[in-house]
Amino acid sequence: MRAAQAGGLPLRSGCFDLVVSRHPTVVGWSEVARVLVPGGTYLSQQIGPDSVGELRAALGVSVPPRADKRPDRVRDAAAAAGLDVVDLRMESLRMEFFDIAAVVVFLRKVVWTVPGFTVDRYRGQLAALHRRICTEGAFVAYSRRVLVRAYRRLERRVGASAG
């Protein structure tokens, strides 16, 4: 949605029956609603609040959960843009790390989990987590997701009777 942040998507209004997004960092709700036909569907899997917070805690990293990722805020933002949310779910998916190499690869790929992560910066915490995995077994964290199904509201014609 970089285009939406910079002034709107370069698409005509009402051109899609379906808009799908996976892991958006920012949702341009008004742009989603604008490009959907009336009655069109929006499906999204969004990163939930404090996703993988257990891993950040194990590394001593404090990142405040983003309030805009909470399901109630997602519903409010969608409604404000003219979308009717018909299904909204919060899911917590179990993740298991069986060795410290998997943790490092994950943190290098999912860069927003621990902003500014480098092995050198977190060497001590990684060593402690490695010892923990060796003695206790897999390290468990939860990937939190908000699943959204919404429809663009049908427009009422001016002067139409409610008959």
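Give me the percent of the accessible area of the chain that comes from carbon and sulfur atoms, probe 1.4 Å, all protein chains in place.
Reported share for carbon and sulfur atoms: 53 percent.
Please list 25, 135, 118 in order of solvent-accessible area, largest first, computed with a 1.4 Å probe with all protein chains present. Don't skip to the answer; put the middle values down first.
Numbers: 25 85, 135 115, 118 60 Å².
The ranking, largest first, comes out as 135, 25, 118.
For the chain, set up a GNM with springs between Cα atoms under 10 Å and report which of 33, 78, 138 has the largest fluctuation.
Taking springs between Cα atoms under 10 Å, the residue moving most is 138.
Output the 0 to 90 degree angle, nearest 10, between the alpha-carbon long axis of helix 123-136 and the longest principal axis computed from the alpha carbons of the chain.
Between helix and principal axis, roughly 80 degrees.
Percent antiparallel among DSSP beta bridges with both residues in the chain, to the nearest 5?
Restricted to the chain, the bridges split so that about 80 percent are antiparallel.
Each residue of region 37-54 in order: what ³J(HN,Hα) in whole Hz does its phi give by Karplus 6.51 cos²θ - 1.76 cosθ + 1.60, θ = phi - 60°, with x for Gly and Pro?
For region 37-54, the Karplus-derived couplings read 6, x, x, x, 9, 10, 10, 8, 10, 10, 5, x, x, 6, 4, 6, x, 4 Hz, x marking Gly and Pro.
Who wins for biggest fluctuation among 103, 111, 140 in a Gaussian network model of the chain, springs between alpha carbons below 10 Å?
Maximum among the listed residues: 111.
Evaluate the distance, in nm, between pseudo-label points positioned 7 Å from the Cα of residue 123 and of residue 153 along their respective Cα→Cβ axes.
5.8 nm
Given the options 102, 150, 67, state which has the largest fluctuation in a GNM of the chain using a 10 Å cut-off (strictly under) for Cα springs.
102
Find out how many positive minus negative residues lie around residue 132, taking Lys and Arg as positive, Asp and Glu as negative, among other residues whose Cβ is under 14 Å from that of residue 132.
Summing Lys and Arg as +1 and Asp and Glu as -1 gives -3.
Express the accessible area of the chain per residue in Å², computed with a 1.4 Å probe while the remaining protein chains stay in the model. Intermediate values should be presented prior to the final figure.
Details: 9830 Å² over 163 residues.
Per-residue value: 60 Å².
Within region 35-67, list the residues whose amide N lies under 19 Å from a label point set 7 Å along Cα→Cβ of residue 112.
43-57, 61-67
Grab the other residues whose beta carbon is less than 9 angstrom from that of residue 47, score K and R as +1, D and E as -1, and report the net. All intermediate terms of the calculation are to be shown ahead of the outcome.
Working: positive: 66, 69, 144, 145; negative: none.
Value of the local net charge: +4.
Quick one: what are the phi-derived ³J(HN,Hα) couplings along region 107-116, Karplus 6.51/-1.76/1.60 with θ = phi - 60°, whole Hz, x for glycine and proline?
After applying 6.51 cos²θ - 1.76 cosθ + 1.60, I find 5, 6, 8, 9, 4, 7, 5, 10, x, x Hz.
Before rounding to the nearest 500, sum -39500 (n - 2.57) across all DSSP H runs of length at least 4 in the chain and divide by the residue total; then give [θ] at 222 nm in deg cm²/dmol.
-8500 deg cm²/dmol, from helical runs alone.
Can you work out the base-10 log of I(q)/I(0) for region 87-141 at q = 0.29 1/Å, using the Debye formula on its C-alpha atoms alone?
For region 87-141 at q = 0.29 Å⁻¹, log10 I(q)/I(0) is -1.23.
Tell me, what is the 1.4 Å probe accessible area of residue 23, in Å² to the nearest 10?
40 Å²
Through the Karplus equation 6.51 cos²θ - 1.76 cosθ + 1.60, θ set to phi - 60°, convert the phi angles of region 16-22 into ³J(HN,Hα) values in whole Hz; use x for Gly and Pro.
10, 7, 9, 10, 10, 9, 10
Summing +1 for each Lys or Arg and -1 for each Asp or Glu, what net charge is found among the other residues whose Cβ lies under 11 Å from the Cβ of residue 27? Display every interim value, and only then the final one.
Values: positive: 69, 73; negative: 31, 68.
Local charge sum for residue 27: 0.
If you wrap a convex hull around the C-alpha atoms of the chain and split its volume per residue, what is the figure in Å³?
For the chain, the hull spanned by Cα atoms encloses 128 Å³ per residue.
The values are calculated or read from the model by the stated rules, or taken from the named source; none is laboratory data. Since this is a predicted model, take the numbers as computed values, not measurements. With ideal geometry, Cβ positions are generated from the backbone for all residues, glycine too; neighbour counts draw on all protein chains shown. Keep in mind that these areas ignore ligands, DNA and RNA; they rest on the heavy atoms of the full protein, side chains included. Shrake-Rupley method; radii C 1.70, N 1.55, O 1.52, S 1.80 Å.
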